[in-house]
1. Taking 0.36 nm per residue of separation and subtracting the Cα-Cα distance, what length does fully extending Met222 through Glu70 add?
2. Go through the range 103-119 residue by residue and turn each phi into a ³J(HN,Hα) via Karplus (6.51, -1.76, 1.60, θ = phi - 60°); whole Hz please, and just put x for glycine and proline.
3. Given R₀ = 25 Å, FRET efficiency for Ile180-Glu121 by Cβ-Cβ distance, to 0.05?
4. Could you work out what % of the accessible surface of the range 64-196 is carbon and sulfur, using a 1.4 angstrom probe and leaving DNA, RNA and ligands out of the count?
5. In nm, give the distance between the simple-model label positions of Glu198 and Ala169, each being 7 Å from the Cα along the Cα-to-Cβ direction.
Amino acid sequence: MQNKSTYYPPDIEKVADKIKKLFSLSQSPNESEAFAAFSKAQEMLTRHNLSMADLVDSTPQEIEEQILNESQRQSSWKGILLNAVCKANYSFAYRVKQKNRIKQIIFGRPVNNESTRIQFEHLVQTIDRLAKQVDGDRTFKNAFKLGAAHRLYARILEGIEKQKSEGVAASENSAAISAIVMRSLYEKLDAELKAYSEKLHLKSRNQRLSCSSQDGFIAGQMAGDKVSLNKQIGGQGQRYLPKSC
């Protein structure tokens, strides 16, 4: 499935040219000047949600739709988890019912759709594996998965808010990103997603949840506290997963 909507970052050619010049300055023999130029270039890449590849071909950014999966029924815990992962990766999810099948669709910029898919599949596999390892009947295990998804949802949102208030610390491969830049990035991409969802006439719906085992739910929450959210995402996309979780 391929459904696209084009968005033009403001003055994309001028932005790309400035970033290229900053990267050139980052090769300066003056360490202070080089680091300052590199940091500014990284900040601009993040602010405009660009990758190094965009500097070579500064074509307009697009919103694309991807079918994440198809099934006869959707698990509540997977829906909760997907909503959180989408928020962390600047994408959005919705469902389409067709006869006896339900299509789970995500939309966003291609690099963000891919990071959403990778992190979601990783976390689903992790929760499934942990549920198989615990003792209990089917009811207990289903509640366990729901509890784990709830806790991961909360942790992911906490990580997003921390990025907005504190920024992202420097790592071995990237410079630090200030809180104001992170807030700007989230606001920019949220606006893109909102505009696209309005084109599709999507309406938010509250999901009704039921839990038949409080013990299973609590056990799942405890397990969700220990699951790593720092899984590395491949590719060149400027996608920052919460590293504070």
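The values are calculated or read from the model by the stated rules, or taken from the named source; none is laboratory data. Here the structure is a predicted model, which is why all the values come from computation and not from measurement. Cβ atoms come from the backbone with ideal geometry, glycine included; neighbour counts cover every protein chain shown. Only protein heavy atoms, including side chains, enter the accessible area calculation; ligands, DNA and RNA are left aside. Shrake-Rupley method; radii C 1.70, N 1.55, O 1.52, S 1.80 Å.
1. Values: separation 152, 0.36 × 152 = 54.72 nm, distance 2.97 nm.
Extra length available between Met222 and Glu70 comes to 51.7 nm.
2. 3J(HN,Hα) across the range 103-119, in whole Hz: 9, 9, 10, 10, 9, x, 5, x, 5, 6, 4, 5, 5, 4, 4, 5, 5.
3. Working: r = 33 Å, r/R0 = 1.30.
Efficiency computed from Cβ-Cβ geometry: 0.15.
4. Numbers: 2950 of 6350 Å².
C and S atoms contribute 46 percent here.
5. The modelled label-to-label distance comes out at 3.9 nm.
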